[in-house]
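Accompanying notes for the structure given below.
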Amino acid sequence: MKSYTTLRNLAATNTKVLTTDTTNMALLDQYLNDSIRTVCNIRSGKWWFLQTVTNVATVASQQGYSIPAGIRKIIDIYVTVGTTVYTPTPVYSPEHWNNILSAQLGESDVPQYYFIQDNKVLIEPTPSSTAGTITFRGRKQVRDLTVADLTSSTVTTIANGGTVITISAGGLASMAGKYIRITSTGVDNTGDGQWYEIASATATTVTLVAPYEGTAIAAGTAACVIAEMSPIPEAYDMAPVYRTIALYLSTNNPTDPKVANTYWRLYDGGQEAGLSPMVGGLVGQMLENEGESIEGAYVPPVGSRNLSGPPYYESYQNASGF
């Protein structure tokens, strides 16, 4: 995985922009974040890695619940009351919803229907208590990357299989959702070099989402990096960087598009730029490999690269994008 700082530095190097050039770096940052969202919105954003869940407690006599800010689009919801899980039926038609309202179902902790309106989920019957938990499953709202890597902290303790890391200083509550990597040097009291998502943090404690798999660190001073990450899988980290470079070069040197076109081809085979009717490059690989959340033994045909036509099998994908 490449951090925000690494991604923007790669874009700067390949466009020959100095990182001290605040005007052009701001433009590259804008292109980079736009490109991350563009890649995430391919296939209407229906990527497994964009799925997320958020829990919200029910409120007595409250019918509507705002869709959490981190969710762009709802996939479904379910409601848990005690140990019982309820899966209310989604209603898509306003007319059908009006008919349900006219039935006056009253209040109950057993939900039967839900309807999305004005960025809220409306539940019928209206929840009657605070005993329930609404779980929203949806697609992530992709946020701009803006925070430079933090490299000033060191890790003093972490157990193998543990989720709590003690750091020297510098932890912030806002680190939730960011990632930490404890540097691997191959000696005792250093990390495994893997990135771990942060669930929460205080000034000297970082709690991980998943357990640490490296060798335990005790009374150490292991270097670490805390960073913002794109949600795009590691193998395709460079896709938004290629698009960023192509956009910048296309804007700043429109009379000589050859170099920009090279990056467009690396990005998606040149499809977005009108250089090819087919999707290739890293985006093409991503379309082939990331359409499912669980790996299966069967390799199905994929849709035509010109986004229409019959399915086909492809024997290989040229990593260069050409």
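The values are calculated or read from the model by the stated rules, or taken from the named source; none is laboratory data. Not measured: the values here are computed from a predicted model. We work out accessible area using only protein heavy atoms, side chains counted, and drop any ligands, DNA or RNA first. Shrake-Rupley method; radii C 1.70, N 1.55, O 1.52, S 1.80 Å.
Taking the three principal axes of the alpha carbon atoms in region 43-155, the coordinate ranges are 60, 33, 21 Å, sorted in descending order.
Considering only DSSP beta bridges where both residues belong to the chain, give the percentage that are antiparallel (nearest 5).
Working: 48 of 52 bridges.
Around 90 percent of the beta bridges assigned by DSSP in the chain are antiparallel ones.
Heavy-atom accessible surface of THR84, to the nearest 10 Å², is about 60 Å², with a 1.4 Å probe and all protein chains retained. Keeping the other protein chains in place, figure out the carbon and sulfur percent of the accessible area of region 110-156, with a 1.4 Å probe. Ligands and nucleic acids excluded, carbon and sulfur give 45 percent.
Quick check on region 1-99: take the gyration tensor over C-alpha atoms, sort the square-rooted eigenvalues as a ≥ b ≥ c, and tell me if it's rounded (a/c under 1.5), prolate or oblate.
Working: a/c = 3.18, a/b = 2.75, b/c = 1.16.
Taking the square roots of the gyration eigenvalues as a ≥ b ≥ c, region 1-99 is prolate.
When each full DSSP H helix of the chain is screened for a Cα extent of at least 20 Å along its own axis and an average Kyte-Doolittle hydropathy of at least -0.5, the helices passing are 22-41, 238-252. Only helical runs count toward this figure. For the chain, summing -39,500 (n - 2.57) over DSSP H runs of n ≥ 4 and dividing by all residues gives -7500 deg cm²/dmol at 222 nm.
Rounded to the nearest Hz, the phi-derived 3J(HN,Hα) couplings of region 61-73 under the Karplus curve 6.51 cos²θ - 1.76 cosθ + 1.60 (θ = phi - 60°) are 6, 9, 7, x, 10, 5, 5, x, 4, x, 10, 7, 8, where x marks glycine and proline. Both numbers refer to the Cα atoms of the chain; Rg and Dmax are 23.6, 69 Å. In the complete set of protein chains, residue-level accessible area for GLU288 is approximately 60 Å², probe 1.4 angstrom. The Cα atoms of region 167-306 define a convex hull whose projected area, averaged across directions, is 12.2 nm².
When the Gaussian network model of the chain links Cα atoms closer than 10 Å, the mean-square fluctuations of TYR92, TYR78, TYR236 top out at TYR92.
Return one whole number: the accessible area per residue of region 43-163 in Å², for a 1.4 Å probe.
Normalised by residue count, the accessible surface of region 43-163 is 54 Å².
Solvent-accessible area of THR207, all protein chains in place: 40 Å² (probe radius 1.4 Å, heavy atoms, ligands and nucleic acids excluded).
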